[in-house]
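The values are calculated or read from the model by the stated rules, or taken from the named source; none is laboratory data. It should be emphasised that the depicted structure is a prediction, and the values quoted were computed from it without experimental measurement. Counting neighbours? That spans all protein chains shown, and the Cβs are built from the backbone with ideal geometry, glycine included. For the accessible areas, the whole protein counts, side chains as well, though only heavy atoms, and no ligand, DNA or RNA atoms are used. Shrake-Rupley method; radii C 1.70, N 1.55, O 1.52, S 1.80 Å.
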Amino acid sequence: MAEILGLGCTHRPVMLRRNEDWTGMMRTSLDDPDMPPEMKDPGHWPAQLREELGNDFGATAAGRAREVYRRHFAEARAALDDFEPDVIVMFGDDQYENFKEDIVPPFAVLAYDEHKIEPWKNRAWNPWGEPNDARFSFIGHRAAGKYLASGLLDRGIDAAYAYRPLHHPLGHAFAYTLLLLDDARRGFGYPVVPFSVNCYGRRVNAARGLRLPLAMRDKIRELDPPSPSPARCMAVGAATARVMAKSPWRTAIMASSSWSHSFLTEKNYQLWPDVAADRHLYDALEKGDYATWQRYTTDEIEDSGQHEVLNWFCLLGAMEELGRKPDRSTFIETWAFVSPVVFAYYMP
């Protein structure tokens, strides 16, 4: 039986922005013409949000947070280096990047031979000071991707698969994770099979993976079909663990996403995430309380802006199948910087 490492992290897009831009999404929501006047008053915001914003709208706190996240990415990379996987199966969301109106699969195994990206092509700044034409190439693993897709189909999981990109070379949920795991720029030699999950569901095409105008906050159910349910994501994760445990490859099964997102949390007028809902799930994660995760519903996901946590439902389904509890985990709370972050490690 092949050994499996479980690892949860984030693709943390704010890490690729200047400190003063970490609250850009909040500024955009505040400028929405349908933002109620009272919600523009900081007196109506949680005390934790006001404290994090400070007197420079979060720039100082972002500088401190950046170093915290860098340390955690370094620990995640060390866990991978210690394990030395033959392949990484990485659950991540596609935000109107590779999949658009022509096809939006609930799940898709991207069995590419390689992943070539130019992440700074349309960006004025990046934290490494790399040129705009910098190119990166990461190794794929077509054989493992085919093996996984075949095994899922054999087990009643109707996952799509692809051998080459459709609209985008590699969605940011995967690309940013790989860039941040190689913060020291030592190179990243582990083959990766991205496993795309349609986390954004009803809003993926209308919002193009970003925020919707506040005028649409009560119309979201009219837009697109929903994402796969949390329970289905756990079933997919469990099947992935069964397939890869019988494979010839040492496998790291990863989830890469932050948790509730402010711009998805309509009940908070897109100004802060649902930290309490995230804490509820995290407490269950720490205890290995999989029943709480199994009971979670799509309505709860959408109400709390936890769309991207569906990637973690896949990971926890895999870890439940393997009978694992986290060996260590961390909840990094934030109210101002879009979304709380979790890192978790399930050792073989």
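Against the list (1) open to solvent by 50 Å² or more (accessible area, probe 1.4 Å); (2) of a type outside the set (A, V, I, L, M, F, W, C); (3) over 30 Å from L80 (Cα atoms), the condition R202 fails is (1).
Filter region 206-259 down to residues that are in a helix (DSSP H, G or I), more than 24 Å from D278 (Cα to Cα) and of a type in the set (K, R), then give me how many there are. Residues meeting the conditions: 1.
Taking first residues from region 54-73 that are open to solvent by less than 80 Å² (accessible area, probe 1.4 Å) and of a type in the set (G, A, S) and partners that are part of a helix (DSSP H, G or I) and modelled with pLDDT of 95 or more, the Cβ contacts under 7 Å between residues at least 6 apart in sequence or on separate chains come to G54/T60; G54/A61; G58/E52; A59/N19; A59/E20; A61/E52; A62/N19; G63/N19. Quick one: H172 ticks every box in (1) under 19 Å from T251 (Cα atoms); (2) open to solvent by 20 Å² or more (accessible area, probe 1.4 Å) bar one, so which box is it? Among (1) under 19 Å from T251 (Cα atoms); (2) open to solvent by 20 Å² or more (accessible area, probe 1.4 Å), H172 violates only (1).
Can you tell me which residue in region 309-333 is farthest from R221 (Cα to Cα), limited to those that are in contact with a Phe, Trp or Tyr (Cβ under 7 Å, 6 or more places away or on another chain) and among the acidic types (D, E)? The extreme case among them is D327. Being within 20 Å of the chain's Cα centre (by Cα) and open to solvent by 50 Å² or more (accessible area, probe 1.4 Å) is the requirement here; does P213 meet it? No, not satisfied. Per the conditions (1) over 20 Å from D93 (Cβ atoms); (2) crowded, with 24+ Cβ neighbours inside 10 Å; (3) in contact with a Gly (Cβ under 9 Å, 6 or more places away or on another chain), the sole criterion not satisfied by T251 is (3).
Scanning region 128-142 for residues that are open to solvent by 50 Å² or more (accessible area, probe 1.4 Å) and either free of Cβ contacts under 8 Å to residues at least 24 places away in the same chain or closer than 22 Å to E308 by Cβ (or both) turns up G129, P131, N132, D133, R135, S137.
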